[in-house]
There are 6 protein chains.
Amino acid sequence: MVDSVRLDELSWPEFAAKIAAGAPVLLPLGSTEQHGPHLPLNVDVVLPTGVCERVAREVGGLVAPTVNYGCKSMPRSGGGEVFPGTLSLDAHTFSLVVRDVIRNLVRQGVRRLVVVNGHYENCWPSVEGLDLALREIRREGITDLVVMRLEYWDFAQRATLDRLFPEGFPGIDLEHASLLETSLMLVLRPELVEMDKAPTDGPAKFPPYDRFPVPDDFGLPPSGVLAVATGSTAEKGEWLMEDYVTRISAAMRREFGM
Amino acid sequence: MVDSVRLDELSWPEFAAKIAAGAPVLLPLGSTEQHGPHLPLNVDVVLPTGVCERVAREVGGLVAPTVNYGCKSMPRSGGGEVFPGTLSLDAHTFSLVVRDVIRNLVRQGVRRLVVVNGHYENCWPSVEGLDLALREIRREGITDLVVMRLEYWDFAQRATLDRLFPEGFPGIDLEHASLLETSLMLVLRPELVEMDKAPTDGPAKFPPYDRFPVPDDFGLPPSGVLAVATGSTAEKGEWLMEDYVTRISAAMRREFGM
Amino acid sequence: MVDSVRLDELSWPEFAAKIAAGAPVLLPLGSTEQHGPHLPLNVDVVLPTGVCERVAREVGGLVAPTVNYGCKSMPRSGGGEVFPGTLSLDAHTFSLVVRDVIRNLVRQGVRRLVVVNGHYENCWPSVEGLDLALREIRREGITDLVVMRLEYWDFAQRATLDRLFPEGFPGIDLEHASLLETSLMLVLRPELVEMDKAPTDGPAKFPPYDRFPVPDDFGLPPSGVLAVATGSTAEKGEWLMEDYVTRISAAMRREFGM
Amino acid sequence: MVDSVRLDELSWPEFAAKIAAGAPVLLPLGSTEQHGPHLPLNVDVVLPTGVCERVAREVGGLVAPTVNYGCKSMPRSGGGEVFPGTLSLDAHTFSLVVRDVIRNLVRQGVRRLVVVNGHYENCWPSVEGLDLALREIRREGITDLVVMRLEYWDFAQRATLDRLFPEGFPGIDLEHASLLETSLMLVLRPELVEMDKAPTDGPAKFPPYDRFPVPDDFGLPPSGVLAVATGSTAEKGEWLMEDYVTRISAAMRREFGM
Amino acid sequence: MVDSVRLDELSWPEFAAKIAAGAPVLLPLGSTEQHGPHLPLNVDVVLPTGVCERVAREVGGLVAPTVNYGCKSMPRSGGGEVFPGTLSLDAHTFSLVVRDVIRNLVRQGVRRLVVVNGHYENCWPSVEGLDLALREIRREGITDLVVMRLEYWDFAQRATLDRLFPEGFPGIDLEHASLLETSLMLVLRPELVEMDKAPTDGPAKFPPYDRFPVPDDFGLPPSGVLAVATGSTAEKGEWLMEDYVTRISAAMRREFGM
Amino acid sequence: MVDSVRLDELSWPEFAAKIAAGAPVLLPLGSTEQHGPHLPLNVDVVLPTGVCERVAREVGGLVAPTVNYGCKSMPRSGGGEVFPGTLSLDAHTFSLVVRDVIRNLVRQGVRRLVVVNGHYENCWPSVEGLDLALREIRREGITDLVVMRLEYWDFAQRATLDRLFPEGFPGIDLEHASLLETSLMLVLRPELVEMDKAPTDGPAKFPPYDRFPVPDDFGLPPSGVLAVATGSTAEKGEWLMEDYVTRISAAMRREFGM
């Protein structure tokens, strides 16, 4: 018998047995997006998938296949659509994907579900997709479903951030392709990280508004790295991963009564 | 520098350089669907992704992230939506995903594109998604794009099928979770195949129509395996893979003038 | 009192009475598409409508108005959209039409429904439209509906095909505007058939993939006739029609318990 | 060679030749809707199709296949959706059908187009469908298209109405299944008219608002005939048909410069 | 405590209390559209909002925020989209807005609802939006909702129109930016009316069909005023307003059993 | 001549003249949403509209009609949909409204546009609506458009926030119905503020995830006020307003080259 936390590595009878036994399912939402010259385009796929797999092992859950394409990147949070390598879905498309996958998971008997987002611009269309699914599910007469939806990075402890940024945490807004993501990639896929290419043209200095077309002097570092990636290490990545896994697992146990 | 045929394992400057140099891109379309008690739910993700990666190595191409959720399974071709483990998108959703990904690839400069489908019910909504993308692309004034769209299994030679089925090829229609797919999985992900669980309740004997609700005596084997999986070997899988890679590569060289 | 199997030739009290008495309804799905120089554009409307009317007479059913515009034609199955005369709907539009008509039929009390498709590229979006309707119908609490969905050509007996093609049936894939459709048109609308214009530039020799834009040497006969139409006769058409009517009627009696 | 004003009775070379020669195309928009106990459900298909065919003969035009299902019936203009036999599309679906058909006609080279509506509730979604098509067509760079859109009943002369209603025309609003439509059906499909069943429970006396759910005392005659059908004759129908054909033809000649 | 008939000027506990007490809600549907050189673009917002507020005071109801953007203007009823200042929504967008707002009002406990339309081209998409909402509401199991939908101008008495137009009412069709709307604006927002700019280039003389592109000689007065605005006075506006308020209130009392 | 910064209070010739002269247009995006027991439901309409009007006066711009219904409220930022009085649109609907209004403004000649959002959950669907509009506009060949998109609250100076919150700014996340919004309402619509009802049950203490259904102990104050409103004054509101108007005007001058 295959032993895997990845739902799609099970056969259907194995899947059915786990769900019947109450296994919670984690759904990672990713994207294919530029992450600077030192990181691959799949950062937002690798990180939430990696978090989900570790949490699933911790709590006896299953990880659904990752949604590999996310919602459009914005200049002020991800560099934007014009960057090479960014391949995004329209918000409506992305919401429908989330709706369909959630509706199907619930149709298959899942009653404990965690949507784990790994790409900033997915937040709102994933909320929408979830709401559309819940509306339909309610009309099916299903009332025993509990769903959590989260951005994994919100589970870092304040103390951990202080430890990572002794001179003060610059805020999650600019953490695109920067110290946090780079350190986590050094944990999960170190062979894809090229620290010698980590740029020093940041941090970004954006005005408090979007502007189209994006002007050359908009404050976006040419590298696409919004803050600073230098100093990233696998050790720092493990500090973060520890926070994410411990605290997401704890929240799941609390909400699901496990 | 990372050396990978997977587009999403490159950084954006590496991606940009490859595309500028004319690298063709292969886009695998998968699904998460029951494939009998001896195969995992990810067969339709593993197989087209595996084919694409081998072809990409052969022709100097790149493989885009796989679309992991496919269009709804039908009883007569995949067992249908009621089987445990099948997690599908509506046709409209799937078409929009295909449209958005293709539109973005072309916006990023890709001019040689191959859509490689690995799930029967994706055929038509992938055609639609491609058509919707091409309609928009045309209006952008882009005229030098060449796109191929294919089901990988159509590239097996007649001789190979005769060799695999000495008593006559029963036809591709019932090849769901059967000898071809099982043999290919033994090549690509043997640790996920449990040959001892390969069922013998097939082949399916369907009437020439759909019927809803699906009655118990519709002819669908309870295992979800539409034909027969026994006799599958990695060697047979290699025969098929050889055909797919050689012949898809040849077709790409011809159509793209490479 | 008007005596007609066409639902739309009845007045509303006549319609209501027939439905209340349990009459099954057949819904023909057609298209307006090139069918070579010897056949009119309405072949895919005439044939399923004709089959439905004969079946309805046999089983005491009613025929709903035909959907006259179908889903986009593809080069390898119908010549494609660039052929003069082909007028198609987007897949999403077509699915919504099917959904709306089925939802309305069921709302009107129909509980035995047969969707009879006459255009290859309608298969999948008609499946989708039916699925969307069934999802809504289920939420209305209707549980006694039985629906069949079929392509009429799948009801030819093997023996009949052998009789029609003494040298071997070339397969349904290329039967666009060819011997089967031409013979059936000679039964139903002979005045619209110009046998002297039946071309001899076929059969089509397609590669196993789609390619856009469609190149000149794609293997598509300039006439748009994918196989061969010569030798078509009304007598052969009657053989086929006999199969379709007898066997669809039998399947309906079985599934509907009539 | 087939001689027909029905576009779909031509082969593709015949269609192509006529369009290349500048033939205008008329697109009839119908519905399947209750029309009282004395008329069939297809009145709104038969009448605009009949008008189009006569106009086409007059001006050398072609008639596209009729859209057989129309937009939802409203209680105050057609009796409403709850009447048996009424089978309608959502407004969005209907608009997409109109958009797709018009876009395809123009893609096929049609530059003189007349959309002829025969069902009151189609007016606005047909306007919308036409607008959506024109928006796309403009972006294709096509600038020589002229489109007319009309309700055929607006082409009756005042004098003809005075002759038909010596005591004063009650207004087009209540003319559903009443004298005008019944007389026209007596011209086009007399075998489907049962004058002995023409009801006398009208005319409708509606309040100046919609109300849902529709109450029993809303003023809707139980027959579904909003005004009065008695006195209908084929002769009167010919007066109207004469007006429609003459005046629509004249308008086409003027607008198309023919 | 704030005393206002405007729902959005209440706090949520005040809103909740009023709805719990059975207060009917009026939803005004407006548009931003040219209304000649003497009237502002907001006429179709001001008038239905003003009517709703007066009716709400009369019957103890609440007025929901006005939908400020309406469905596309047509040349024969509003001058059309090419007129400067006309800012419209697609029909589908507008219907979805109406659907969402109604669904939310009902979700919030509203069971007596009046949709008050103030822009001609909103009629049909507001019907559609209401129907889409009712379809969903029905599936929620809500059965005690009563909805009215109306165009406010349909509540003028025949006697009032005769008094306003001693030489005969030219019909509501051409009343865009003309005597009725101008007089009503003189009641509600006189400071926005510039009677000295009221044009005299009307009335419009349209042919009985739409034509695209709109030709110069289509009969549309260059001012955008379809009939005649001269002679408008606040006194006349009060006559109309009196009719609207009295008669809409009476209809609400009757339908809602208040 | 009417002198107003509200676009919809102008006649069409006045509007056309201002746009031709290069006037920038500000589009306020609001919502109808609970804002505690001391504030009305229209806070998110009043505030961005008020900001826009003051900025428009400063820079010679025009304010388009406010979008009165916004995207769904979330528990952690606005209390959520279950709060009485919250009336929201689906994200897709809201995006289409934004798309249509922007497309129309640009069609009408506007080339300097500022989208001013006043409701947190509108941020992302307004980005999407803008992107959809820009995609269409680009295909129209329009290249001289400059658009800004902003949340007005991002224009407060750090120094002002420090002055308002001497003990430290708790962050914008919880500023729903709290000190900032209440103070601004005291500037713009003081008669709608009931300071004596300002609650003291906050601030909210949310976990770092969404959870559905929302449990009673989720940390949401029953009042719907996420932080603290006590201490709000019109004077403080003026400090903020001064920042918004001065700095948004400055940004517009810079980006529009005015």
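The values are calculated or read from the model by the stated rules, or taken from the named source; none is laboratory data. Source: prediction; values computed, not measured. Because the Cβ atoms are built from the backbone with ideal geometry, glycine has one as well, and the counts that use them run over all protein chains shown. Note: accessible area is taken over every heavy atom of the protein model, side chains too, but ligands, DNA and RNA are not part of it. Shrake-Rupley method; radii C 1.70, N 1.55, O 1.52, S 1.80 Å.
Scanning the range D:135-167 for residues that are more than 24 Å from residue D:101 (Cα to Cα) and more than 10 Å from chain E (Cβ to nearest Cβ) turns up D:157, D:158, D:159, D:160, D:161, D:162, D:163, D:164, D:165, D:166, D:167. It is to be established whether one or more residues within the range F:136-143 are in contact with a strand residue (DSSP E or B) (Cβ under 9 Å, 6 or more places away or on another chain) and either open to solvent by less than 30 Å² (accessible area, probe 1.4 Å) or farther than 30 Å from residue A:26 by Cβ (or both). The answer is no, given that none of the residues of the range F:136-143 is in contact with a strand residue (DSSP E or B) (Cβ under 9 Å, 6 or more places away or on another chain) and either open to solvent by less than 30 Å² (accessible area, probe 1.4 Å) or farther than 30 Å from residue A:26 by Cβ (or both). Being of a type outside the set (Val, Ile, Thr), part of a loop (DSSP other than H, G, I, E, B) and at pLDDT below 90 is a property that does not hold for residue F:231. Quick check: is even one residue across the range F:99-107 touching an Asp or Glu at 6+ places or on another chain (Cβ under 7 Å) and either open to solvent by 10 Å² or more (accessible area, probe 1.4 Å) or not acidic (Asp, Glu) (or both)? Looking through the range F:99-107, at least one residue is touching an Asp or Glu at 6+ places or on another chain (Cβ under 7 Å) and either open to solvent by 10 Å² or more (accessible area, probe 1.4 Å) or not acidic (Asp, Glu) (or both). Scanning the range C:1-12 for residues that are more than 30 Å from residue D:12 (Cβ to Cβ) and open to solvent by 10 Å² or more (accessible area, probe 1.4 Å) yields C:1, C:2, C:3, C:4, C:5, C:9, C:12.
As for the range D:43-50, it holds no residue that is of a type in the set (Ser, Thr, Tyr), open to solvent by 10 Å² or more (accessible area, probe 1.4 Å), more than 18 Å from the chain's Cα centre (by Cα) and on the phi < 0 side of the Ramachandran plot. State yes or no: is residue F:240 under 30 Å from residue A:112 (Cβ atoms), in contact with a Leu (Cβ under 9 Å, 6 or more places away or on another chain) and open to solvent by less than 40 Å² (accessible area, probe 1.4 Å)? Against the criterion (under 30 Å from residue A:112 (Cβ atoms), in contact with a Leu (Cβ under 9 Å, 6 or more places away or on another chain) and open to solvent by less than 40 Å² (accessible area, probe 1.4 Å)), residue F:240 does not qualify.
Restricting attention to the range D:196-234, the residues that are more than 14 Å from chain E (Cβ to nearest Cβ) and within 19 Å of residue D:85 (Cα to Cα) add up to 10. Say whether the condition of being within 12 Å of chain D (Cβ to nearest Cβ), of a type in the set (A, V, I, L, M) and closer than 22 Å to residue D:150 by Cα is met by at least one residue in the range E:97-105. Within the range E:97-105, not a single residue is within 12 Å of chain D (Cβ to nearest Cβ), of a type in the set (A, V, I, L, M) and closer than 22 Å to residue D:150 by Cα. Only residues that are within 21 Å of residue C:39 (Cα to Cα) and assigned to a loop (DSSP other than H, G, I, E, B) were counted in the range C:148-182, giving 7.
Residues in the range F:53-92 that are hydroxyl-bearing (Ser, Thr, Tyr) and either outside any loop (DSSP other than H, G, I, E, B) or more than 9 Å from chain E (Cβ to nearest Cβ) (or both): F:73, F:77. Only residues that are more than 16 Å from the chain's Cα centre (by Cα) and at the interface with another protein chain (Cβ under 8 Å from one of its Cβ atoms): list them for the range A:110-132, please. The answer is A:128, A:131, A:132.
State whether the residues of the range D:108-119 include one that is open to solvent by 20 Å² or more (accessible area, probe 1.4 Å), of a type in the set (D, E, K, R) and either under 23 Å from residue D:171 (Cα atoms) or not in a helix (DSSP H, G or I) (or both). Before the answer, list the steps.
First, pick out the residues of the range D:108-119 that are open to solvent by 20 Å² or more (accessible area, probe 1.4 Å): D:108-109, D:111-112.
After this cut, where a residue has to be of a type in the set (D, E, K, R) as well, the list is D:111-112.
Narrowing further to those that are either under 23 Å from residue D:171 (Cα atoms) or not in a helix (DSSP H, G or I) (or both): D:111-112.
The answer is yes; a qualifying residue exists.
Taken over the range A:144-167, the residue count meeting the criterion of being touching a Leu at 6+ places or on another chain (Cβ under 9 Å) and open to solvent by 60 Å² or more (accessible area, probe 1.4 Å) is 0. Restricting D:111, D:107, D:99 to those that are more than 27 Å from residue D:180 (Cα to Cα) and in contact with a Gly (Cβ under 6 Å, 6 or more places away or on another chain) reduces the list to D:99.
Of everything in the range D:1-38 that's over 16 Å from the mean Cα position of the chain (by Cα) and within 25 Å of residue D:195 (Cβ to Cβ), which residue is nearest to the other protein chains (Cβ to nearest Cβ)?
The initial filter retains those residues of the range D:1-38 that are over 16 Å from the mean Cα position of the chain (by Cα), namely D:1-24, D:36-38.
Going one step further and asking which of them are within 25 Å of residue D:195 (Cβ to Cβ), we end up with D:36-38.
Details: D:36: 7, D:37: 5, D:38: 7 Å.
Filtering first and then ranking leaves D:37.
Kindly indicate the residue of the range F:63-98 that is of a type in the set (A, V, I, L, M) and surrounded by fewer than 24 Cβ atoms within 10 Å (Cβ to Cβ) and also farthest from residue E:99 (Cα to Cα) among those meeting that condition. If we take residues in the range F:63-98 being of a type in the set (A, V, I, L, M) and surrounded by fewer than 24 Cβ atoms within 10 Å (Cβ to Cβ), then F:74 is farthest from residue E:99 (Cα to Cα).
Yes/no per residue for (1) in a loop (DSSP other than H, G, I, E, B); (2) among the charged types (D, E, K, R); (3) under 19 Å from residue C:74 (Cβ atoms):
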{"position": "C:3", "(1), (2), (3)": "yes, yes, no"}
{"position": "C:13", "(1), (2), (3)": "no, no, no"}
{"position": "C:18", "(1), (2), (3)": "no, yes, no"}
{"position": "C:36", "(1), (2), (3)": "yes, no, yes"}
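Got at least one residue in the range D:168-181 being surrounded by 15 or more Cβ atoms within 10 Å (Cβ to Cβ), within 12 Å of chain E (Cβ to nearest Cβ) and closer than 30 Å to residue D:114 by Cβ?
yes
Scanning the range E:13-37 for residues that are open to solvent by 20 Å² or more (accessible area, probe 1.4 Å) and closer than 22 Å to residue F:39 by Cα gives E:13, E:16, E:17, E:18, E:20, E:21.
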